[in-house]
Amino acid sequence: MSKPLAEVQILPFEGTPQRDLEALIEELALLGIQATMLPKASIVAPSYNQQRRQYNAEILLDRVRLAPGHCVLGVTSRDLYVEGLNFAFGLADSPGKAAVISLHRLGAGTDEATFRARMVKEAVHELGHTRGLGHCADAGCVMAFSNSLADTDRKGKEFCSRCACKLRGH
């Protein structure tokens, strides 16, 4: 058995469906990323913004930073935002150990296969940030910025050659 390309701890936030977490772990494994599940974390009340009806991704990311492990991906089914944006698919320290993604918008009006593809793309994208990668101008690269579901659908699940080269240089 070959060594996985990366290892990640998944920190599920309460309310995230178990089937979605298991699907994410399966999809990551197909890309050579070994994921193990941590115990569920609670959503802290200050993260919810009543006016926006969304959760502050920065506050959830603070919670992810406290979890054990060298690379931790928080996963929530709550709708996230960061200041200055209407919503966020995810957020990560760049570089750092912590990232968080939201599954809330990824399943909108689609089938299971597309949802799984979107979920893994956003996870790999945020994990790329934890390794110090910025957004990529190549629309097919997983590190391309997603401002919409169409952007997420357009990009691939893997790093372009330039981003992959940067990763190998670490």
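How much length would be gained if the chain were fully extended between LYS157 and LEU85, taking 0.36 nm per residue of separation minus their Cα-Cα distance, in nm to one decimal?
Values: separation 72, 0.36 × 72 = 25.92 nm, distance 2.38 nm.
Residue separation times 0.36 nm, minus the Cα-Cα distance, leaves 23.5 nm.
In percent, what relative contact order does the chain have, based on Cα pairs under 8 Å that are 6 or more apart in sequence?
Values: 310 pairs, mean separation 29.5, N = 170.
Once divided by the residue count of the chain, the mean separation gives 17 percent.
Take every DSSP beta bridge whose two residues both sit in the stretch 66-114, then give the antiparallel share in percent to the nearest 5.
Working: 4 of 9 bridges.
DSSP beta bridges in the stretch 66-114 are roughly 45 percent antiparallel.
Using a Förster distance of 30 angstrom, determine the FRET efficiency expected from the C-beta separation of GLU58 and ASP111, and round it to 0.05.
Approximately 0.40, to the nearest 0.05.
If you take every DSSP beta bridge whose two residues both sit in the stretch 6-133, what share of them, in percent to the nearest 5, is antiparallel?
Within the stretch 6-133, antiparallel bridges account for around 25 percent of the total.
Sort largest first and round to whole Å: the equivalent ellipsoid semi-axes of the chain, each the square root of five times a Cα gyration tensor eigenvalue.
On the way: eigenvalues 101, 65, 52 Å².
After scaling each eigenvalue by five and taking roots: 22, 18, 16 Å.
Between ALA67, ALA123, ALA98, find the one with the highest GNM mean-square fluctuation for the chain; connect C-alpha pairs within less than 10 Å.
Of ALA67, ALA123, ALA98, the Gaussian network model singles out ALA67 as fluctuating most.
From the Cα gyration tensor of the stretch 44-124, with a ≥ b ≥ c the square roots of its eigenvalues, which class applies: rounded if a/c is under 1.5, or else prolate if a/b is larger than b/c, or else oblate? Present the calculation step by step, with values, prior to reporting the outcome.
Working: a/c = 2.01, a/b = 1.12, b/c = 1.79.
In terms of gyration-tensor shape, oblate.
Using Cβ-Cβ distances only, list the Cys residues of the chain with no partner cysteine under 4.7 Å, sorted by number.
Cys with no partner Cβ under 4.7 Å: CYS71, CYS163, CYS165.
Just need the Rg to Rh number for the stretch 125-170, please, alpha carbons only, Kirkwood Rh.
On the way: Rg = 10.0 Å, Rh = 10.4 Å.
Looking at the stretch 125-170, the ratio lands at 0.95.
Here, each number is a calculation from the coordinates, and none is a lab measurement. Worth saying up front: this structure is predicted, and the values here are computed from it rather than measured. FYI the Cβ positions are ideal-geometry reconstructions off the backbone, even for glycines, and counts take in every protein chain you see.
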